[in-house]
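Okay, so here's the structure we're looking at.
The values are calculated or read from the model by the stated rules, or taken from the named source; none is laboratory data. Given the structure is predicted, the values throughout are model-derived calculations rather than measurements. For neighbour counting, all protein chains shown are included, and Cβ atoms are generated from backbone atoms with ideal geometry for every residue, glycine included. Accessible surface areas use protein heavy atoms only, side chains included; no ligands, DNA or RNA. Shrake-Rupley method; radii C 1.70, N 1.55, O 1.52, S 1.80 Å.
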Amino acid sequence: VKLSHTVFALPFAIAATVLAARAAHGEQEGITALKLGWPGWQLAGLILLAMITARTCAMAFNRIVDRKFDALNPRTADRHLPAGTISLSSAWTLCLLSGAMFVGTTYAIDMVREANQGRLICLMLSPVTLLFILGYSLTKRFTDFTHVVLGIALAISPVGAWLAVNGSLDFSGPFRYSALIPGLLALIVVLWLIGFDIIYAIQDFEFDRAHKLHSIVVRWGPTNSLNAAFLVHIIMLILLVVFGLL
């Protein structure tokens, strides 16, 4: 579990944070250009902390539940748990503590948000987030479309960042189609993730097939899977243009 891996979804969360702040402040007079797209250091810091703790919890859980497969796979045999570098209890401690910190951070976000209005939207949705980001690690055991579930898990980041700033997806700000922005960004994340995770899964094609683990690569084969990855990335690029226009 590397802290640097958090940057995977961080750009999308930052983009949603900036756009949500711009939508929230756009109709107010006397707002500086910096404030227009900035929610403040406190809220931005909490969003970053939520990203770090959520991903740490998810990755620790992934290493725990996959430790037996990791030990058999030459590519992953040197990871901490199968190599015996850390104990299973230490991994569970990291997973549970980071999960608890994530839930606590969502409560803090709800408390400092300007448009709080007594709603604990981020706190209430935090268990749903944990369900997706932890549940992904089990999907390779029963579905070929594990990449889609992982895409949804990462797509929560821009939606969560938008909710952290505005407290609602139903926001009629200065943006035309403003309610579409976080949803479209989430869809872009899903497609981006599906494409590159298919490519990533090719390196374990033989191992996964031999151990009856599921993926699109196992189902369709490497060539067809690469074609699928190319297609979803083309669609993603088109949606990025639409996102920019909106």
Yes/no for Ala71 being of a type in the set (A, V, I, L, M, F, W, C) and under 18 Å from Ser126 (Cα atoms): no
Any hit, the range 153-167, residues being within 18 Å of Asp204 (Cβ to Cβ), of a type outside the set (Lys, Arg) and buried (at least 20 other Cβ atoms within 10 Å of the Cβ): no
Flag if Gly135 is within 21 Å of the chain's Cα centre (by Cα), under 29 Å from Phe196 (Cβ atoms), of a type in the set (Gly, Ala, Ser) and surrounded by fewer than 20 Cβ atoms within 10 Å (Cβ to Cβ): yes
Leading residue by the ranking (most open to solvent (accessible area, probe 1.4 Å)) among those in the range 187-246 that are within 28 Å of Arg67 (Cα to Cα) and small (Gly, Ala, Ser): Ala210
Within the range 62-77, considering residues that are assigned to a helix (DSSP H, G or I) and without any contact (Cβ under 8 Å) to a residue 40 or more places away in the chain, the one most open to solvent (accessible area, probe 1.4 Å): Lys68
Condition met for Asp144 (touching a His at 6+ places or on another chain (Cβ under 6 Å), in a loop (DSSP other than H, G, I, E, B) and among the charged types (D, E, K, R)): yes
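Can you say whether Leu43 is hydrophobic (A, V, I, L, M, F, W, C), at pLDDT 85 or above and open to solvent by 60 Å² or more (accessible area, probe 1.4 Å), as far as the supplied structure shows?
no
What do you reckon, is Arg75 under 20 Å from Ala210 (Cα atoms) and either modelled with pLDDT under 95 or charged (D, E, K, R) (or both)? Walk me through it before giving the result.
Values: under 20 Å from Ala210 (Cα atoms): yes; either modelled with pLDDT under 95 or charged (D, E, K, R) (or both): yes.
When the stated conditions are applied, Arg75 passes them.
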From Ala21, Ala15, residue being in a helix (DSSP H, G or I), surrounded by fewer than 23 Cβ atoms within 10 Å (Cβ to Cβ), hydrophobic (A, V, I, L, M, F, W, C) and at pLDDT below 90: Ala15
Members of the range 85-113 that are more than 16 Å from Ala60 (Cβ to Cβ) and open to solvent by less than 60 Å² (accessible area, probe 1.4 Å): Gly104, Thr105, Thr106, Ala108, Ile109, Asp110, Val112, Arg113
Number of the condition not met by Ala60 [criteria: (1) within 17 Å of the chain's Cα centre (by Cα); (2) at pLDDT below 90]: (2)
Total residues in the range 209-230, condition over 14 Å from His147 (Cα atoms) and among the charged types (D, E, K, R): 2
Boolean, Leu97 is under 17 Å from the mean Cα position of the chain (by Cα) and either under 30 Å from Arg22 (Cα atoms) or part of a helix (DSSP H, G or I) (or both): no
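Mind counting the residues in the range 78-94 that are assigned to a loop (DSSP other than H, G, I, E, B) and modelled with pLDDT under 95?
Total satisfying the criteria: 5.
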Cross-chain or 6+ apart pairs with Cβ under 7 Å, the range 183-202 first and under 10 Å from Val232 (Cα atoms) and in contact (Cβ under 8 Å) with a residue 40 or more places away in the chain, then open to solvent by 10 Å² or more (accessible area, probe 1.4 Å) and among the basic types (Lys, Arg): none
